[in-house]
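The values are calculated or read from the model by the stated rules, or taken from the named source; none is laboratory data. A quick note: this is a predicted structure, and the numbers were derived from the prediction, not measured. Every residue, glycine as well, gets a Cβ built from its backbone with ideal geometry; the counts of neighbours run over all protein chains shown.
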Amino acid sequence: MEDLNQLKAAVRGKRIHLFGPPGCGKGNRSKDLQALGLVHVASGGALRAKVRDDPDSELSKTAQEIMKRGELVPDEIVVPVVMEHLNKPECKENGFILDGFPRTKAQADLLFSQVDLDLVLLLDVPRSFLIFGVVGANRRACVSCASGYSDFDPPKVEGVCDRCGGTIVQRADDTAETISKRLDGYDAETRAFLPDLEARGIVEVLPITVADDDDVGESRLKTLLGEVYRVDIGDGGTARMLNLDGMRERLYGFLAKKFM
Ligand code: ADP
Ligand code: ZN
């Protein structure tokens with residue numbers, strides 16, 4: 001645990017943005033970073049909380065409709081919600097993980113006019129996995145602590161969160177149709193401003209696949225119905241993928257190299 005404490009000290013105060021398409025594991029990586037003491041600021045979660053807390057306001061009704069369709073909520077709504085979180089003293093002291101924001105160039109420009117980031121981590125997941133991982137594998141999450149599950153990473157008891165005992169549900173907007181719309185939106189609006197971030201020299205890539213000559217134990221690999229899962233990576237090729245434990249190790253190893 002000495003190592004983990006050293007890592008916590010090294011990442012304290014860092015401002016990290018998780019970049020990647022819907023279904024790439026931003027939520028789970030956020031959990032891993034939260035465990036190091038960083039504050040999780042998720043635009044989608046913050047919007048859903050706003051709607052839950054005040055369901056009858058015009059703002060909530062508008063946001064809920066748009067989210068259900070898988071479209072982007074207007075900046076007038078999402079920007080204040082996110083900035084309110086980022087400006088909290090706990091974010092300044094501990095550092096934060098920004099998840100789901102910025103999603104457009106306008107949001108990115110606005111963010112950088114107010115805040116600097118230390119790292120943009122690009123979560124690299126094969127395209128063919130994105131829809132399958134969410135819809136085919138029944139992505140679901142805990143309503144209390146937002147821990148993510150799927151048929152690849154099922155909870156020990158179905159419907160009950162391993163971490164906090166909360167109820168696990170599927171998101172209303174996790175349908176094949178909405179996911180593909182959200183992916184199109186990612187390509188058109190979000191991926192489009194990645195070069196701006198690269199120009200700042202803060203982007204690093206964290207892949208989820210494992211090279212065939214890499215000697216990784218099965219306890220760190222995604223399995224489905226007891227078999228090691230191989231994802232299609234195009235041109236007829238396939239690759240193994242890390243599971244939750246495997247990705248946590250890869251992420252912590254990466255951060256140790258970068259910040260320690
Ligand atoms: P995902 O990344 O899987 O689409 P999120 O939880 O990040 O899920 O977002 C859910 C929904 O919330 C989005 O489809 C969108 O409607 C809205 N949303 C979240 N973040 C933003 C943002 N930065 N700008 C506009 N809308 C957003
Ligand atoms: Zn939970």
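A few points about this structure:
- Taking each residue of segment 50-61 that is under 15 Å from E76 (Cβ atoms) and looking for partners that are among the hydroxyl-bearing types (S, T, Y) with beta-carbon atoms closer than 9 Å, six or more apart or interchain, yields K50/S57; K50/S60.
- Segment 178-190 residues that are of a type in the set (S, T, Y), paired with ones that are modelled with pLDDT under 90 and not in a helix (DSSP H, G or I) (beta carbon under 8 Å, 6 or more apart): T178/G70
Table: residues versus (1) buried (at least 18 other Cβ atoms within 10 Å of the Cβ); (2) on the phi < 0 side of the Ramachandran plot; (3) touching a residue at least 24 places away in the same chain (Cβ under 8 Å); (4) in a helix (DSSP H, G or I).
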position	(1), (2), (3), (4)
M67	yes, yes, yes, yes
V81	yes, yes, yes, yes
L98	yes, yes, yes, no
R103	yes, yes, yes, no
L123	yes, yes, yes, no
F129	yes, yes, yes, yes
A146	yes, no, yes, no
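- Scan segment 19-47 for residues that are touching a strand residue (DSSP E or B) at 6+ places or on another chain (Cβ under 7 Å), more than 16 Å from ligand 2 (Cβ to nearest atom) and under 16 Å from G133 (Cβ atoms) and the total you get is 5.
- All positions within segment 69-79 that are of a type in the set (A, V, I, L, M, F, W, C), part of a helix (DSSP H, G or I) and either loosely packed, with under 12 Cβ neighbours inside 10 Å or under 20 Å from the mean Cα position of the chain (by Cα) (or both): V78, V79
- Summed over segment 16-42, the residues that are in a helix (DSSP H, G or I), more than 22 Å from N138 (Cα to Cα) and touching a helix residue (DSSP H, G or I) at 6+ places or on another chain (Cβ under 8 Å) give a count of 1.
- Entry remark, segment 83-104: residues being over 23 Å from L7 (Cα atoms) and not basic (K, R) number 8 in total.
- Top-ranked residue in segment 48-64 [being assigned to a helix (DSSP H, G or I) and either of a type in the set (F, W, Y) or surrounded by fewer than 12 Cβ atoms within 10 Å (Cβ to Cβ) (or both); ranked as farthest from ligand 2 (Cβ to nearest atom)]: E58
- First in segment 164-175 and without any contact (Cβ under 8 Å) to a residue 60 or more places away in the chain, second anywhere and within 10 Å of ligand 1 (Cβ to nearest atom) and not aliphatic (A, V, I, L, M), Cβ under 8 Å, 6 or more apart: Q170/R139; R171/R139; D174/R139
- L117 more than 16 Å from ligand 2 (Cβ to nearest atom), farther than 26 Å from I66 by Cβ, touching a His at 6+ places or on another chain (Cβ under 6 Å) and hydrophobic (A, V, I, L, M, F, W, C): yes
- Single residue of segment 1-25 satisfying the filter (among the charged types (D, E, K, R) and modelled with pLDDT under 95) that is surrounded by the most Cβ atoms within 10 Å (Cβ to Cβ): D3
- Of V143, V78, all but one fail to be within 15 Å of ligand 1 (Cβ to nearest atom), of a type in the set (A, V, I, L, M), over 17 Å from P21 (Cβ atoms) and in contact with a Lys or Arg (Cβ under 9 Å, 6 or more places away or on another chain); the exception is V78.
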